[in-house]
Each structure stands twice: as C-alpha cells, then as structure tokens.
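As structure tokens, the structure follows; a few thoughts come after it.
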Amino acid sequence: MKKILFLTCLFMSTVAFSQIKKVTIKGIIKSEEDKELLESATVHIERLKDSSIVSYTISDQKGAFNLIGETSDSKMKLVVSFIGFTPYTKIIDVKNQDIGTLFLKNANALDGIVIKSSAPITIKKDTLEFNVKSFKTKADANVEDLLKKLPGVEVDLEGNITVNGKSVNKILVNGKPFFGNDPTITTRNLTKEIIEKIQITDTKTNAQAFSGEDSDGENKTINLTIKKENNKGYFGKTAAGIGTNDRYEYAGMITRFKESERIGILAGGNNINSPGFSFGNQRLQFGGNSRSFGGGQGIVTSDNYGANYINSFGKIFEVSGDYFYKQSSSDNKSTSNRETFLSDGTSFFRSSENSSLNDSYSHDASVDFEIEIDSTFRIDIETDFNKNLNTNRFNSQSETLNNSKTLTNNSKIASIADSDRERFDNEVNITKKFGSKGSFVRVELTANLTKALTDDFVKSETTIFGSNPDQIIRDQYSDGSSNITELASQVTYRFPIISNKLFLDADYTVGNTKTTNKRSTFDFDQTTNDYTSFSNLLSTDFKYSDKVSRPGVEIEFKNDRWSASTELAFNNRTLENRDYLRPETNLVREFNNLEYGFSVRFRKERTTGYRLSYDFRNATPSLNQLQPFRDESNPLNIITGNPALSPSKIQSIRFGVSNFNWQNRTGFWSYGNISFTDDRVVANTIINPNTLIRETSYANVDGFVSIRGGGSYSSTKKWEDFGSLKTEFRVFGDYNKNINFNNGIQYSSKITSISPNIGFDFSWDKILTIRPSYTVSFSKNTYDIESFSNRNFTNHDVTVATSTNFLKKIEWLNDVNYNYNPNIAAGFQRSAWFWNTTLRYSILKDNGAISLRIYDILDQNTNARRIATEDYIQDSSSTVLNQYAMLSFTWKFNSLGNAGSKFEPKSRSWHN
C-alpha cells in the first residue's frame, strides 16, 4: 500500500511539473502625474483562483523590472504597488512579454480612501516591510517560524535573529516593546495569525528617531504590526506537561489589547533546562541548557512570572512597564583534566572534581516614560530596578602533578555563599529641535546605584608536597559590602552646515563613578568557638573613584544613498584608589588620550549596501589590574596588580557588504573585522617549579592582531503547488595573534580557524519540512616558542530537523544532532547522536494540541568538551539532562477584533 501511495504521488508530481511554464515579464514604472521613474516599486503576479503569490521583484533605479516566474496557469493577475500610489492590477496571459510603461496614480486623489496592498514586500524609505499572508508556514506557526521564511532572515537554535548578517537587538509589537528585552518571549509565543506586517529597519534610540539622526547600521529592529481592527480583545496560550523521572513544565500567557493600551501576564516553570515560556516547544530543549552540543550547566529548575503594561495618553504621554519574578535552582557536577605547558618544555597536570548547588531569586522591574511635548521637544525617562538573592554551595577537590606525574599539591574547598544585590538605573534624555534644517540640542543624564551584601563560609585545605612541604588550612567567615554610584551627563549640539545633509555635532561628557568595597574576613577561633579572629591578609577596605571628561566633535553627511561621519575626541580619565587597610598601596593615575574615527555607508540600490568604518580607541586598565594589592584568597594562585600599566591602544577596521536579489531569491552578505592592539594588558604568571604555586601580575605587550570575517550565500527555489527549497552556504573564519607570557617568557601564538557550513530548508506543501545542516570546524595553533608544539583541531556537527503532517491533525517533529570531536582525550566520549522527537495531535479546532515528546531518545546526551589555548588543553564534562518522555497539553485563544466579547479563533488561509 505504501509503494502504491508513493508511486501515485510521484506520478502526480511528474504530471504537474510537466505542465509548468517559465514566464518573463518586463516593464517600466512611472508616476502618472509627473512621469517620475519609481524605484523600489513591488511587482508581483498571483494566481486567480486563490490569490497566492507566484513570483515577485522590485523595480531598479530606472523604474525597470524583470519578473520571472513558473506556473501551470494560463492567466494570472499582475499587481504593481508603491507607497503613496494606487496599486495597478491587470489580468495577463502567461507568456513572455514586455508590457511597456505602467503609470501609477497618486493615492491622494482618492480623498481618504485607504489603499491596501497585497504586495509580499514593500520598501518604505529605510524600512523593509513583509506581508505575512504571502509566506506559507505550518498551521500553528509562531513568529519565529514565520521569520525563518523571510528572505535574508536567519534564526539560530538559541532564537538569535540576523538580517543579512546583522544582529536583531530589538523586537517590537505595534512599535512598542513586548515583555522586556528578551526577543524570544515575543517570537516564540506570538502566533502568525495575529500579525499583519513585519517591518525591518536599522535600530535607533527614541532620541535618534525623533531628531532624524542616522544610526550606525550595525543592528536591526523588527516591528510586528497587528491590524488596527484587530487591536482589541484578548490573545493567549497555556500549556502543561508531565513526564518520566519527575520531569514537568507549565507555561501561560494572556495579553489584552485595547487600542493604545496593552496589558499582559505570563508565567512558566519547568525542570528540563528550558526557558520558562517555551509552551512545550521541543526545539527549545535541544542539546540541553545551552542547546549546543558540548554545553550545559547541570539541571536547572526554574519558575518565572511577569507582567507588562503599555498605554498612550493622548499624543503627548506614553508609559510602559515590566515586572519579572524569577527563581531557579541548579545542580551541577563537573570533572576536568588540564595540561599546562611551560616555556622550558615541561608541563604540569591538574585534575578536579566540582559540585555546586545554586538557588537564585530575582525581581526585575522597569518603567519608561515617553513625553513628546510638541513636534520639537521630547523627553525620555528610563528606570530599571533589579534585586537578586543568591545562595551557592560549592565543593571542590583538585590535585596537581608535575612533569614527572608526581603529586605536587592538592586542595579541598567547601563553601557556602549568600549574596543580596540591588541595582537601580535611571536615564533621562531631553531633545529640543530647532528649525527645519536638522538642528537640535540634547541633554542626557544618567544615575545608577548598586548595592551588594555578601556572607561567605569557606573551609579549605591545601597541601604542598616536595622538598618544602606545607599545609594551609582555613576555616573562615567573610562579611562583605559594596556600593557603586555612577553619575554621568552628556550635552550634544547639532549645527546644520547644509540643511538636512551636512552637520557638525559638538558634545561634552562628564562622569564620576564612586565605589566602596569592604570585605571583613574572620578566622575560626578555637578559644571563642566562633569566627572572631580578624584576618588582615584576606580582608579588604577599598574606595575607588573613576572620573571621566570627554569633549568631542563630529561631522556627519547623509543623503538617499550615502551616509558618512568622522569624529575626534579628547578623553581625560582619573582613577583613584584608597586602601584603608594598606595605605601604602594607595593609587592615583591620570590618563589623557585622543580618540578618533570615521564611517561610510553606501546604498547602491535598495537591496545592496556597503559599509566601512575605522576607530582608534583607548582602553584604560581596571583598578584591579592597577592596584598593587596582593590577593591571596586562593593560596595556589596569588594575584598582584601593576600600577605602572599603560592604556591599551586599539585600532579597529570593520567592513561589510549585503545584497538580496528579489527576482532570483538569492541573498549574499559578508563582513570583516580587523583590530590591532598595542599596550594590551595581559597576565604574567610565574610558577614555582617545586610547589606549582602561581604568582600573577600584569604587563603591557604590543603586537596583538585579530581578524574575523564571514559570509553567506543563499538561494530559494519554489515550485507551484508543490513546495520550496532554500539552500545556504556559510563560512566564518578567525585569525588571532596573541602575545602572552608563560612562566615569565614572552611568546606569540597564532590561531587560525575556519568553519564552513551548508544547510537546506525543504518544504513540501503542508506535508513535510526538512532542514539538514552540516558544519565542520578546523583550527590551527602555531607558536614561536620551541617548547610548544603546534596543534590542529577538527570538529564535525550534523543537525537535521523535520516536521511531518498527517491527516491535517497529526504532526511529527524530529531534531537530530550528531557531533564528532576526534581531539577529545581518552576516557571522554568523542561522538554522540542526540535525537528528540515529538508527536503532536491537534484538537479543539486547531486551538489545542496534545503532544508526546521524548527527549534524547537514544540516551546519548553528553557534555564532554575540549578547550585548547596557547598554553593549556582542558577536557571536561558536567551534568546533563538525561532521557525522559513528556505528555503535554497546549491551548491557545484569540478574540482580537471582537473587543474581547468572546474567544473565537481566526480562520487561517494559506498563501505562497
């Protein structure tokens, strides 16, 4: 029966393909009123029977378009859309043709009639807008599933999003944040059915958008729009699951939309190392806590609760706020073996076993006010508060062997640490615009307060063997407190040289950060049977001051295609440290440096862009690196600062290219980052050959080089009434020249790595989706010191994700990962298969689902990993989430558009 079904499908597909014709349509688009050539107009053809999109393209600088599509229909509808104009539609015969010049009418002539476009893509100045209905997804798709279908958009297993290689750092709903700054809460919990448009633009602050400033173009913002008529009512989801080995999860979210007001509540929890609001999505648990093969931090049990409120009061005032409560408990056990190489050709070996139990409770709240007095005056106020209570219980055993594998020292540590930290951040931004040429003045005020209290009980036993044996036994209690006050202000004035094109910016920044840090350590006193013996050696009482004064000027130019800027600043910084226990280590250092740079961006067409930037910056050493305080809290690793350190001098060059061909459905992007650093601060460790005790200080070195680059090429092929195939090839590479010390000897290391990747995304209508991917990573480490051997490393990673639908109600999901690391040492697992599978059955008119998920079906999940640096190789493993099965129920409701009167799901439609 299966063979007959397969042959029938194959025959029908062959017949369908034999009837498909390739068609090319050419033309030119102009405005009817002034005959202006219209660049970036959207041209598409759609089927008459269901309005599904067959093909689309964008007009070029000369208004010309060349549309290529494949269809078995004899007639189709041609649609041309452009912002501010009435869409042009015409029924055409399916044949190669030049339709000549098409004239679009100005939409203003329609006296207020709203023009709605069915175009899959619309370009509005610097904003790229996608019509959600034009992109086919599975029935219960969320926003993340939808984003994966958009050209130029990539979403990784962590939920991180890139657009043409640029990171997305902000997700908005109707132009406003949705539950804080975590984009996955939005992308993984909002469903496609409530979204009308997806808009992508360069990330700007509210102040930049208001003043008309250009952004640096390094990040993107995604805005999800909901239809105005649907901006009323309720939307939500709820889920719960119970599994073997006492595994469980629950999650719920409800959001009320009422015009400008939005109120949301969410809750979630689990003990399967998953984000709290995952709603049973098996792909969020892929690979454990870090969802990357060879990662993880034990077993985490978490509970998360949150609320969100946004509302506008007239056209002047808007308020938004979030609150999250999070609690988690983690249990982790780890082992590691490290071989450290010394400059004399010898090495020593350290093995350790650690266990930790951690309990954390946190409160996060934020309130933002946006006040737009009029079209020239705006005030933004941002306030954030965080409180974190943490308890950690840690146990460790380690031993160190010398080059002859002779035991040299060992250590045992048991500790209990409690901490209570509070942080209160405030920022006020005031912008006033003058005239119509782009002039403005801005004042930014920042006040951040941090307070921390700590209590630690530590018992440790360190034994040193050899010719001078010693034993250090500590039984101590430490009471610590720290307070940090950060105050800063910046004033910027923009003077227009050429109206709205060329500007001169003058700014002045001042800041002062004051820190008090007191830690009192007491040894256990046998006489008093209490921790009463004050330890001057391990106690601290510091007061830091970090003052900054930075005047600067910048010239900026921008037009429709070019954006360029150059800046120059003088940075004055004074660091002061007072040690009330050791006055001889008091320190005052003043640094004066010039900083400068330039950036250029050029947009050849709406779909092609180039960028280049150069910066020279200074990195001041931290006070911990500068202060000559001898830190002996770890008797096997004693650290002392160097007050003679100089600032690091960093030169950075960045460039990038991106292009997307709408007609051919091909995309390309690449980037490169190059940096040169002199006076870089590095650790200089001297190891006692008899005891292997490490004495560490810091030094400046020249000659550090870092080169990073990467690129991607993708293409998408679509077949009418069948499916689509997306192919993407990526490659990333790194080159680093590091200058370091090994046992007092300076040396350089060169690390070269390259990681090519090829992936496919095949969709067969509503039946099957399969996404295989293969990555191989090569790394070559070379050294200019004879005692160090050059090393090569290789790692292979294969992933396959599938989704299969049966009878419209059943969906079978699979995630398979294979990892092979031939460099793992004996005793650690070098390769493993990892397979998650879920069987999902839709109920309640597709608004509910029952799922059976099996995690790590082959029971091979491992956390073995190898880390290789210039002077050591470490193999380690830690606790991972083991195999379990879970039965879950999910239900969603949606009354948007019905003013919340009843819960009625929206009907779904499928479009290409």
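Some values worked out for this structure:
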read-out	value
Region 402-499: trypsin sites (Lys or Arg not before Pro) in DSSP coil with no more than 14 other Cβ atoms inside 10 Å	K405
Aspartates and glutamates with Cα under 12 Å of K326, excluding same-chain neighbours fewer than 8 positions away	D303, D359, D364
Where N is the number of residues in region 805-877, Cα Rg divided by 2.2 N^0.38 Å	1.68
Nearest-20 debye value, region 124-226 charge dipole, Cβ charges on Lys, Arg, Asp, Glu	420
Aspartates and glutamates with Cα under 17 Å of K220, excluding same-chain neighbours fewer than 8 positions away	D126, E129, E144, E154, D156, D182, D202
Proxy reagent accessibility, fewest Cβ within 10 Å first, across I45, I497, I473	I473, I497, I45
Rounded D (µm²/s) - region 124-226, Kirkwood Rh over Cα pairs, Stokes-Einstein at 10 °C, 1.306 mPa s	114
Point-charge dipole on Cβ atoms (K/R +1, D/E -1) for the chain, about Cα centre, debye to 20	3940
Between helix 2-18 and the chain: long-axis angle, C-alpha atoms, 0 to 90°, nearest 10	60
Three principal axis lengths of region 158-200 [C-alpha, angstrom, descending]	27, 20, 18
Cα-Cα separations in the chain greater than 41 Å, expressed as whole percent	48
Proximal lysines to K412, defined as alpha-carbon separation beneath 25 angstrom and excluding residues fewer than eight positions away on the same chain	K333, K459
Square roots of 5 times each gyration tensor eigenvalue, C-alpha, region 660-752, largest first, Å	49, 15, 8
DSSP beta bridges in the chain [antiparallel fraction, %, rounded to 5]	95
Relative contact order %, region 456-520, counting alpha carbon pairs below 8 Å whose residues are six or more apart	31
Kirkwood estimate for region 696-813, i.e. one over the average of 1/r between Cα atoms, Å	18.1
HN-Hα J in Hz across region 42-58 - Karplus 6.51, -1.76, 1.60, θ = phi - 60°, x for Gly and Pro	8, 10, 9, 10, 9, 6, 6, 6, 9, 6, 6, 6, 9, 7, 8, 7, 10
Selected from W719, W835, G314, residue furthest toward positive end of dipole (the chain; charges at beta carbon)	W719
Gap separating the Cα centres of region 374-434 and region 701-724, nearest whole Å	34
Dipole of the chain, positive direction: furthest Cα of I850, P87, F341, with charges on the beta-carbon	P87
5 Å binning of all Cα-Cα separations within region 550-663, expressed as whole percents from 0 upward	2, 9, 14, 13, 11, 10, 9, 8, 7, 6, 5, 3, 1, 0, 0
Residues with amide H under 5 Å from that of N174, placed H, sequence gap 5 or more	L224, T225, I226
Burial ordering of K62, K26, fewest other beta-carbon atoms within 10 Å first	K62, K26
Burial ordering of F135, F317, fewest other beta-carbon atoms within 10 Å first	F317, F135
Cα gyration tensor shape of region 20-119, rounded if a/c is under 1.5, else prolate or oblate by comparing a/b with b/c	oblate
Across K258/K766; K22/K136; K197/K237; K166/K737, pairs whose alpha-carbon gap is larger than 32 Å	K258/K766
Region 185-217-region 491-524 distance, computed between alpha-carbon centres (Å)	26
Shape call, region 53-190: gyration tensor on alpha carbons, a/c limit 1.5	prolate
Estimated [θ] at 222 nm from DSSP helical runs (n ≥ 4, -39500 (n - 2.57)) normalised by residues in the chain, nearest 500	-1000 deg cm²/dmol
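All of the numbers you see were taken from the coordinates with simple rules; none came from a lab. If you're wondering where the values come from, they're calculated on a predicted model, not measured in any experiment. When we count neighbours, we look across all protein chains shown, and the Cβ atoms used for this are built from the backbone with ideal geometry, even at glycine.
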